[in-house]
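Heads up, the thing below is written out as structure tokens.
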Amino acid sequence: MNSIIYEKRTYSNVKNTHSHDYFQLLLPLQGSMHIETEKMKTILKPDHLFFLTPSSTHTFYADDRNEIFVLDIPKSRIPVKFQGYGLHDQYLPINKKWESIRFLLLDEMKDNDSSDYRVERLIQYASDFLFPKSHEYDSLNYIHQYYCDKIELTELAEIENFHPSYYSEWFKDKFGMLPSKYIQQLRLAKAKTLLKETDFSILEIAVEVGYNHASSLNRLFINHFNMTPKEYRQKHKNG
């Protein structure tokens, strides 16, 4: 499973227990469903959402007519800043922000020209409400959120209210490397995950992590691993 699957589903009164290797976001639209995990047992209604983490064994069934908007999210689609973080299942109220997110996701589902890129951006935005901030500094959170885009040093400095030249020194003192190097490391980590967990082409992965050309990703891997992305993928798949 490489792409985010998003669709409306209905559930019956037959109990079903399973787990899966991807995240799942359940946004009820009408009716209700029972859902039980090792730590939680609740009746999910349209005023709440449920977020399941990979390998979480859960049981679900329904007593009435229902319609649930479900998103199956591969681990590689969750922002890098949350990968390896202490993730857990969550039962959260639908506030105004979640109402907006649900509306936009449903709108993407209805759109025949819907873009997976837009859906992934919405998931990245929603992730900030599913998980607590993982870093103390706002500029570092910003980097982890947008490292696949072009980030200017002036943007980061402004977030911390620093002069750009001082920000670089401050960042290196705090994190042991310049911001550009830190961003490169995040892109590298994301590329490694995509090479191992998807069948995306090298160019698609390069674009996904913020490069315009496959050659840029090739140079990055050769410099760090003395092998190309293709060779890295083959080595991993061969064990």
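Legend: ranking of residues Val70, Val14, Val119 from fewest to most surrounding C-beta atoms inside 10 Å; resulting order Val14, Val70, Val119.
The fraction of Cα-Cα pairs per 10 angstrom bin, counted from 0 for the stretch 5-130, comes to 12, 46, 36, 6 percent, rounded to whole percents.
Residues Leu44, Leu130 in ascending order of nearby Cβ atoms (within 10 Å, fewest first): Leu130, Leu44. Dipole magnitude for the chain: about 680 debye, using +1 per Lys or Arg Cβ and -1 per Asp or Glu Cβ, origin at the Cα centre. Going from the residue with the fewest nearby Cβ atoms within 10 Å to the one with the most, Arg9, Arg187 rank Arg9, Arg187. For the stretch 107-239, the calculated P(r), taken from all Cα-Cα distances in 5 Å bins from zero up to the bin holding the longest distance, is 2, 9, 16, 18, 16, 16, 13, 6, 2, 1 percent. Placing dummy labels 7 Å off each Cα toward the beta-carbon, the span from Asn16 to Arg219 is 4.9 nm. For the pair Lys172 and Lys41, label points projected 7 Å from Cα toward Cβ lie 5.8 nm apart. Couplings 3J(HN,Hα) for the stretch 179-184, derived from phi with the Karplus relation 6.51 cos²θ - 1.76 cosθ + 1.60 (θ = phi - 60°), are x, 4, 5, 4, 4, 4 Hz, where x marks Gly and Pro. Residues within the reach of a label modelled at Met109 (point 7 angstrom out along Cα to beta-carbon, backbone nitrogen below 11 Å), restricted to the stretch 22-47, are 26-30. Inverting the pair-averaged 1/r between distinct Cα atoms of the chain gives 19.8 Å as its Kirkwood hydrodynamic radius.
No lab work stands behind these numbers, since they all come straight from the coordinates. All values derive from a computational prediction rather than experimental measurement. FYI the Cβ positions are ideal-geometry reconstructions off the backbone, even for glycines, and counts take in every protein chain you see.
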